[in-house]
Amino acid sequence: MTATTKRQAPLKIDPATDELITQAAHFLGMTKKDFVAEAAKTYLRQRHEEVRQGMIESMKVLDGSLTSSVAALTGLSPERIEQLGGVGDWDE
């Protein structure tokens, strides 16, 4: 986590899903919070490429340049990004 403290946000789910989470967490000996965190991480690992492609498509909208997009998102200059090794191309 960054130096800025992030507050926890409530997660709204339907009762049937909440019951599944409650039971799974209980039988795995973990908290619901830990179960949901682990499940989300596992799901995102499995769908990594889809997420990556979605991110690339979103960044292309900015101006078409991957370096410019990374600069806009990070606050680093394009020159600094190149000094750090660059970002490659959209298709890599």
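Any read-out appearing in this document is the output of simple, stated calculations on the displayed coordinates, not a laboratory observation. Please read all numbers here as calculations on a predicted model, not as lab measurements.
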So, for the Cα atoms of segment 28-83, Rg and Dmax in Å stand at 16.6, 50
Note, segment 40-46: 3J(HN,Hα) by Karplus (6.51, -1.76, 1.60, θ = phi - 60°), whole Hz, Gly/Pro = x, goes 5, 4, 5, 4, 5, 4, 5
Once phi for every residue in segment 7-24 is put through the Karplus expression 6.51 cos²θ - 1.76 cosθ + 1.60 (θ = phi - 60°), the whole-Hz ³J(HN,Hα) values, with Gly and Pro written as x, are 7, 7, 10, x, 9, 8, 9, 6, x, 5, 5, 4, 5, 4, 4, 4, 5, 4
